[in-house]
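Asks: Structure in C-alpha cells, see below.
The values are calculated or read from the model by the stated rules, or taken from the named source; none is laboratory data. Because the structure is a prediction, the values reported are computed rather than measured. Cβ placement follows ideal geometry from the backbone for every residue including glycine, while neighbour counts extend to all protein chains displayed. When the accessible area is computed, the model is the full protein with side chains, heavy atoms only, and any ligands, DNA or RNA have been set aside. Shrake-Rupley method; radii C 1.70, N 1.55, O 1.52, S 1.80 Å.
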Amino acid sequence: MSIPTRLSAAFLGVVVLLSGTPGGAVDDLPIEVRSRALVRIGIVLDGPWRRSLELQEVLRDEITQLVRQEFDVRFTDPIVGDWTGPGVRRALDRAYASPGVDLVVAFGVLASNDAAHRSNLPKPTVAPFIVDRELQEVPFVDGASGVRNLNYIVAAGDLSVEIQALHEVAPFEVLAFLGFEQAIEAVPAFEDDVRKAARELEAEVVFLPHADTPEATLSALPAHVDAIVIGPLFWLSPAEFQRLVDGITTRRLASLALVDVEEVQQGILVSLSPRGDTSRLARRVAVNVQSILLGEDAGTLPVALAQREELTINMASARAIGVSPRWEVLSRAVLLNDEIQGVRTLSLRQAATEAIEANLDLRVADRDVTAGMESVRRQRAELLPQIAGRTTGTIIDDDRAEASAGTTRARTVTGAVGLSQSVYSDPLWAGFQIERYDQRSREYEREVVRLDVVRDATVAYLDVLRRVALERIERENLDLTRKNLELAQVRVSVGVSDRSDEYRWESEIANDRRALIDAIAARRQAEYDLNRILNRPIEEAFDTVEADINDPRLLSQSAARYVDRPATFTVFRDFMVERGLAQSPELRSIDANIAAQQRVLVSAKRSFWLPDFSVRAEYADRLSEDGAGGDGLGIPGFELPRPDDQDWTVSLEASLPLFTSGARLAEMRRANEDLLRLKTFTRATAQRVEQDIRSSLLQAQASFTAIRLTRESADAARKNLDLVTDSYSRGVVGIITLLDAQNASLVAEQGAATAVFSFLSDWMRSQRAAGSFDFLLPAEERKALVQQLDEFFAAAGARPERVR
C-alpha cells in the first residue's frame with residue numbers, strides 16, 4: 001500500500017463544478033454536446049490562500065485551450081471553504097445546488113475526499129487529488145471509480161519514497177511534519193502509515209500544527225528535531241513562507257518539500273516532485289473534463305496518473321546546514337545553486353595574466369635570469385682592478401737568523417696590500433661578452449616558458465569550459481533516459497511491450513549516472529589543473545566566463561576571413577610563419593648562443609698570438625720582529641746596511657703560452673664545430689617552428705570548420721531522436737532503435753557543445769607556435785597586426801573573405 005504524498009499544488013482544494021443547463025435541474029443524461037455550447041465552471045477552495053489565483057489560472061487555461069473548439073467555457077467566482085471537513089462539505093453542497101453549475105471538478109484534498117465518498121452525485125464530478133485510494137477507501141472498479149458521475153485522480157506518489165530520498169541526502173533521527181492537518185482529516189490512517197515508514201529508517205516522527213506566524217511555528221519545534229517535511233502551507237504569504245524557510249535553515253534542519261519543487265528554489269533542501277508537475281495534473285483534469293463534455297460517463301474514466309520522480313537538491317541550503325550528499329545521490333539529482341556564491345570570477349584573459357604573474361615555473365625562470373645577471377657582473381668584475389691584502393707571520397730557527405747578518409730576525413710579522421689590473425686579456429673579455437650573450441639566451445628561454453605557461457593556462461581554462469559543457473550534457477542525457485523509462489512504463493501498461501524495456505532503461509540510467517560522475521570528476525580535475533598553473537589552492541572554487549569566438553581581442557575572427565578557403569588560408573599560413581620565425585624566442589635564444597660561440601672561436605684564434613697584459617703593484621710593511629738575528633756580523637765597528645721596514649713593487653706583465661701540446665688548436669677546432677652545430681640547430685629549430693605553426697593552424701582550421709558541422713549534426717540527431725521517441729511512444733519502433741538514436745544525439749550534442757572550445761584551444765596552440773598571444777597585446781598593436789596582415793595579403797595578390 002502506498003503512502004500518500006506529492007501533496008502538490010492540488011492541495012489548494014479547488015473544486016471545479018459544472019452543472020446542467022443554466023437555471024435548470026440536472027438530469028441523468030450526459031451533457032448535450034452542441035457547437036460552442038456554453039459551459040460554466042465554478043471553483044471551490046478548501047480555504048482562503050494567497051496563491052490560489054495563480055493555480056486557478058493554470059487550470060482555466062488548460063481546460064479552455066482544450067475544449068474551446070466545441071464549448072464556450074465560463075468560470076464562476078470560487079466558493080471558499082474554511083479548511084475543515086464540514087466547511088468544505090458545505091461549499092460543495094452550494095456548488096451542487098447552484099443552478100448555474102454544470103459539471104464538478106474537485107481539486108483539493110478535503111474537497112476530493114468528500115466528493116469521492118458521496119453516494120449520489122447529482123452532477124458529473126472530477127476529484128483530481130485523491131491521496132491514496134486504499135487508505136481513503138474510495139470506490140475502484142477496473143481502473144475507474146465505477147460510480148456514475150465520479151472520476152477521481154490518484155495524483156499522489158509514495159511518501160515513504162520521498163522520506164527515504166530526504167534520508168539519503170541528509171540522514172535524520174527525528175522527523176517533523178508541518179502542515180498536514182487536512183491530510184490527516186481526509187485520511188485518518190495517514191498518520192499511522194507515516195510513522196510506520198519512519199520506523200523503517202529508525203526515525204521518530206513529530207506532527208506539528210501550524211501556528212499563526214512562521215516565528216511561532218519555529219518556536220514550537222522540539223529541540224531534538226533534525227529534519228522537517230513541509231506540507232501545504234497555502235495560508236502563508238510568500239514573505240511569510242520565506243521567513244519560515246530561513247528559520248529552518250538557521251536551525252540547520254534538513255527539509256523536504258512535498259507541495260511544489262519551486263519551494264526548493266526558496267531554500268527547502270529536497271523535493272521529489274518533478275518540474276511541471278502542477279501543469280501535468282491540470283492537463284489531465286482538462287482531458288477528463290473534455291471526455292465528460294463529449295458524452296463519456298465520469299465513472300468510466302481511468303483514475304491512475306503515472307507518477308514521475310525527480311530528485312531536486314538546493315546545494316546552497318545543503319552547504320548552509322552542513323550537509324554533503326553522496327556522489328551517488330548527486331548523480332541522480334537536479335542540483336540548484338551548485339556553484340558556490342561569492343567566489344572569484346575568472347575570464348580567459350584573466351587566466352592568462354594571472355598565470356604570467358604567479359606561475360611557479362615562470363618564477364623559476366625569473367630566478368634563473370636574475371642569477372644570470374649576477375654571473376654577468378662577476379665576469380665584468382674580472383676586468384676591473386683587484387685589490388688584495390695579506391698578513392704573514394714567519395718563524396725561522398735561530399741559527400738561520402744568526403747567519404742572516406742581522407737582516408732577518410727569528411720571528412717577523414709582515415703586512416702587505418696588492419693591486420692588480422688587467423690591461424688587456426682576451427680570455428677575460430671573451431668571458432664577459434660570452435656571459436652577456438648567455439644572459440640574453442636565458443631571457444629568451446624565460447620568454448619560451450612564459451609562452452608555454454600562457455598556452456597551458458588558456459588551454460586549461462578552455463578545458464574547464466569544455467568539461468562543464470560535457471557535464472551539463474550528461475545531466476540532460478540522464479534526464480532524457482528517465483523520461484524514456486517513463487515511456488517504457490506507459491508501453492508496458494498498455495501492453496505494447498514487456499517489462500524488459502523497463503529493465504533496460506533502468507540499466508541505462510545506472511550507466512548514465514556513472515557517466516555523470518565521471519564527467520563531474522573530469523571537470524574537477526580540469527579545475528585542479530588550472531589552479532595549479534595559476535598557483536592557486538588546488539581546491540579553490542571559481543566561476544568561469546563563457547569564451548566568445550567573436551571576441552575582437554582574440555582575433556579569432558580572423559579564422560572566418562582567412563581559414564575558410566584554401567587559397568586565402570595558404571597565404572595566412574605564410575604570414576603566420578614569417579611572423580613566427582621573426583619573433584620566435586627559441587630562435588632568438590639560439591642566435592644568442594651562436595653569438596657567444598663566435599666569440600669563443602675568436603678568442604681561441606687570438607690565443608695563438610695575443611698575450612695577456614696586466615699591471616701589478618704591492619706595498620709591504622714589516623709590522624714586528626724579535627728573536628735571534630738582530631746583532632749583525634758581531635764584528636765591532638762593522639755594520640751591514642739594513643733596509644727599512646717598508647717595501648713596494650710595481651710590475652708590467654705580458655704572458656703568452658708558447659707551447660701547449662696542441663691544446664689551443666684543439667680548442668679552436670672544437671669551438672668551430674660547436675658553432676657549426678648551433679647554426680645547424682638553428683635551421684632545424686626553424687623547421688620545427690614552421691611545422692608547429694602550419695600544423696597548429698591546420699588543426700585550428702579543421703576545428704573551426706567543425707563548429708558548423710557539429711551543430712548541423714546535433715540538430716539532425718536531435719530531430720531524429722524526436723521522431724524516434726514519438727514512434728517509440730506509439731509502439732512503432734523498439735527500444736534498440738531509440739537507444740541508438742539517443743546515443744547518436746548524445747555524441748552529436750557533445751561534439752557541438754565542445755566545438756568552440758576545441759577551436760579556441762587549437763587557436764591558442766597556434767598562437768603559441770607563432771610566438772605571440774594576440775589577445776594580450778594592446779589595442780594599438782592588435783590593430784597594427786591586422787593592418788600588417790592585410791598588407792601581406794595585398795602583396796601576395798590575395799583578398800581575404802569578408803565576414804558577414
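Asks: I'd like to know if region 755-775 contains one or more residues that are over 23 Å from L698 (Cα atoms) and in contact (Cβ under 8 Å) with a residue 60 or more places away in the chain. Before you say what the answer is, go through the steps one by one.
Replies: Quick first cut of region 755-775, residues over 23 Å from L698 (Cα atoms) only: none.
No: region 755-775 contains no residue that is over 23 Å from L698 (Cα atoms) and in contact (Cβ under 8 Å) with a residue 60 or more places away in the chain.
Asks: Here are some conditions: (1) at pLDDT below 90; (2) in contact with a strand residue (DSSP E or B) (Cβ under 9 Å, 6 or more places away or on another chain); (3) within 25 Å of L208 (Cβ to Cβ); (4) open to solvent by 20 Å² or more (accessible area, probe 1.4 Å). R133 meets all but one. Which one does it not meet?
Replies: Only one criterion is unmet by R133, namely (3).
Asks: Please go through region 685-711 and pick out each residue that is β-branched (V, I, T) and within 17 Å of F773 (Cα to Cα). Can you show your working first?
Replies: Residues of region 685-711 β-branched (V, I, T): 685, 689, 693, 705, 707, 710.
Answer for region 685-711, where residues must be β-branched (V, I, T) and within 17 Å of F773 (Cα to Cα): V689, I693.
Asks: Go through R252, R280 for me and flag whichever is open to solvent by 20 Å² or more (accessible area, probe 1.4 Å), part of a helix (DSSP H, G or I) and not acidic (D, E).
Replies: It is R280.
Asks: Scanning for something surrounded by 15 or more Cβ atoms within 10 Å (Cβ to Cβ), under 28 Å from D246 (Cα atoms) and of a type outside the set (D, E, K, R), does region 337-360 turn up at least one residue?
Replies: Yes, region 337-360 contains at least one residue that is surrounded by 15 or more Cβ atoms within 10 Å (Cβ to Cβ), under 28 Å from D246 (Cα atoms) and of a type outside the set (D, E, K, R).
Asks: In region 490-503, how many residues are in a helix (DSSP H, G or I) and either in contact with a Cys (Cβ under 9 Å, 6 or more places away or on another chain) or crowded, with 16+ Cβ neighbours inside 10 Å (or both)? Even if it seems obvious, please write down each step before you answer.
Replies: In the first step, residues of region 490-503 are kept if they are in a helix (DSSP H, G or I); the result is 490-493, 500-503.
From what is left, the residues that are either in contact with a Cys (Cβ under 9 Å, 6 or more places away or on another chain) or crowded, with 16+ Cβ neighbours inside 10 Å (or both) are 491, 501-502.
Within region 490-503, residues that are in a helix (DSSP H, G or I) and either in contact with a Cys (Cβ under 9 Å, 6 or more places away or on another chain) or crowded, with 16+ Cβ neighbours inside 10 Å (or both) number 3.
Asks: Within region 736-751, track down each residue that is more than 24 Å from T705 (Cα to Cα) and open to solvent by 20 Å² or more (accessible area, probe 1.4 Å).
Replies: So in region 736-751, the residues more than 24 Å from T705 (Cα to Cα) come out as 736-742.
Hits for region 736-751 are I736, T737, D740.
Asks: Let me ask something additional. In region 238-280, what count of residues is obtained for those that are under 14 Å from H210 (Cα atoms), at pLDDT below 90 and of a type outside the set (D, E, K, R)?
Replies: Qualifying residue count, region 238-280: 1.
Asks: For region 470-496, what are the residues that are in contact with a Phe, Trp or Tyr (Cβ under 9 Å, 6 or more places away or on another chain) and of a type in the set (S, T, N, Q)?
Replies: Residues satisfying the conditions are T481, N484, Q489.
Asks: Separate question: Pick from region 746-792 the residues that are polar (S, T, N, Q) and under 23 Å from the mean Cα position of the chain (by Cα): which of them is nearest to R475 (Cα to Cα)?
Replies: Just the residues of region 746-792 that are polar (S, T, N, Q), to begin with: 750, 754, 758, 761, 766-767, 772, 787-788.
Going one step further and asking which of them are under 23 Å from the mean Cα position of the chain (by Cα), we end up with 750, 754, 758, 761.
Values: Q750: 12, T754: 15, S758: 21, S761: 24 Å.
Checked region 746-792; the qualifying residue nearest to R475 (Cα to Cα) is Q750.
Asks: May I pose another question? Confirm whether D72 is outside any helix (DSSP H, G or I), in contact with a Leu (Cβ under 6 Å, 6 or more places away or on another chain) and either modelled with pLDDT of 75 or more or surrounded by fewer than 22 Cβ atoms within 10 Å (Cβ to Cβ) (or both).
Replies: yes
Asks: Is it the case that region 635-642 has a residue that's touching a Pro at 6+ places or on another chain (Cβ under 8 Å) and either crowded, with 16+ Cβ neighbours inside 10 Å or at pLDDT below 80 (or both)?
Replies: No; the residues of region 635-642 include none that is touching a Pro at 6+ places or on another chain (Cβ under 8 Å) and either crowded, with 16+ Cβ neighbours inside 10 Å or at pLDDT below 80 (or both).
Asks: Out of the residues in region 414-424 meeting the condition of being over 30 Å from D399 (Cα atoms) and touching a Gly at 6+ places or on another chain (Cβ under 9 Å), tell me which one is least open to solvent (accessible area, probe 1.4 Å).
Replies: G418
Asks: Quick one: L478 ticks every box in (1) open to solvent by less than 70 Å² (accessible area, probe 1.4 Å); (2) farther than 26 Å from A753 by Cα except a single one, so which number is it?
Replies: With respect to (1) open to solvent by less than 70 Å² (accessible area, probe 1.4 Å); (2) farther than 26 Å from A753 by Cα, L478 is out only on (2).
Asks: In addition: Restricting attention to region 680-688, does a residue exist that is in a helix (DSSP H, G or I) and aliphatic (A, V, I, L, M)?
Replies: yes
Asks: From D212, D260, grab the single residue that is among the acidic types (D, E), closer than 15 Å to L178 by Cα and either open to solvent by 50 Å² or more (accessible area, probe 1.4 Å) or touching a His at 6+ places or on another chain (Cβ under 6 Å) (or both).
Replies: Of D212, D260, the one residue that is among the acidic types (D, E), closer than 15 Å to L178 by Cα and either open to solvent by 50 Å² or more (accessible area, probe 1.4 Å) or touching a His at 6+ places or on another chain (Cβ under 6 Å) (or both) is D212.
Asks: For A700, work out the one condition from (1) crowded, with 16+ Cβ neighbours inside 10 Å; (2) of a type in the set (G, A, S); (3) at positive phi it doesn't fulfil.
Replies: Of everything listed in (1) crowded, with 16+ Cβ neighbours inside 10 Å; (2) of a type in the set (G, A, S); (3) at positive phi, A700 misses just condition (3).
The rows are residues; the columns are (1) small (G, A, S); (2) under 22 Å from L487 (Cβ atoms); (3) modelled with pLDDT of 90 or more.
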| position | (1), (2), (3) |
| --- | --- |
| D692 | no, no, yes |
| S695 | yes, no, yes |
| A717 | yes, yes, yes |
| N720 | no, yes, yes |
| I736 | no, yes, yes |
| F757 | no, no, yes |
| S766 | yes, no, yes |
| R804 | no, no, no |
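Asks: Follow-up question, since we're still on this one. Considering each of E435, E506, E443 in turn, give the residue that is open to solvent by 50 Å² or more (accessible area, probe 1.4 Å), among the acidic types (D, E) and either in contact with a helix residue (DSSP H, G or I) (Cβ under 6 Å, 6 or more places away or on another chain) or farther than 30 Å from V724 by Cα (or both).
Replies: On inspection, the qualifying residue turns out to be E443.
Asks: Here's a follow-up. Just for region 368-413: of the residues that are over 60 Å from the mean Cα position of the chain (by Cα) and assigned to a helix (DSSP H, G or I), which one is surrounded by the fewest Cβ atoms within 10 Å (Cβ to Cβ)?
Replies: D399
Asks: Here is a follow-up. Residues in region 327-348 that are assigned to a loop (DSSP other than H, G, I, E, B), of a type outside the set (D, E) and at pLDDT below 90: how many?
Replies: 8
Asks: Sort through N120, N151, N113 and tell me the only one that's part of a loop (DSSP other than H, G, I, E, B) and over 45 Å from the mean Cα position of the chain (by Cα).
Replies: N120
Asks: Could you give every pair whose Cβ atoms fall below 7 Å, whose first residue belongs to region 299-328 and is crowded, with 18+ Cβ neighbours inside 10 Å, and whose second residue is among the aromatic types (F, W, Y) and part of a strand (DSSP E or B), counting only separations of at least 6 or pairs across chains?
Replies: V303/Y152
Asks: If you go through region 568-621, how many residues are over 16 Å from S772 (Cα atoms) and not in a helix (DSSP H, G or I)?
Replies: 15
Asks: Report yes if T458 is of a type in the set (V, I, T), surrounded by 17 or more Cβ atoms within 10 Å (Cβ to Cβ) and under 20 Å from R344 (Cα atoms), otherwise no.
Replies: So T458 fits the description; yes.
Asks: Hey, among the residues in region 167-186 that are of a type in the set (A, V, I, L, M) and out of contact with any strand residue (DSSP E or B) (no Cβ under 6 Å at 6 or more places or on another chain), which one's nearest to R89 (Cα to Cα)?
Replies: Going through the qualifying residues, I end up with A186.
Asks: Moving on. Across region 766-804, what is the number of residues that are charged (D, E, K, R), surrounded by fewer than 20 Cβ atoms within 10 Å (Cβ to Cβ) and assigned to a helix (DSSP H, G or I)?
Replies: Initial filter on region 766-804 (charged (D, E, K, R)): 768, 774, 780-783, 790-791, 799, 801-802, 804.
Restricting the remaining residues to those that are surrounded by fewer than 20 Cβ atoms within 10 Å (Cβ to Cβ) gives 774, 780-783, 790-791, 799, 801-802, 804.
Right, trim to assigned to a helix (DSSP H, G or I) and you get 774, 780-783, 790-791.
Going through region 766-804 one residue at a time, the tally reaches 7.
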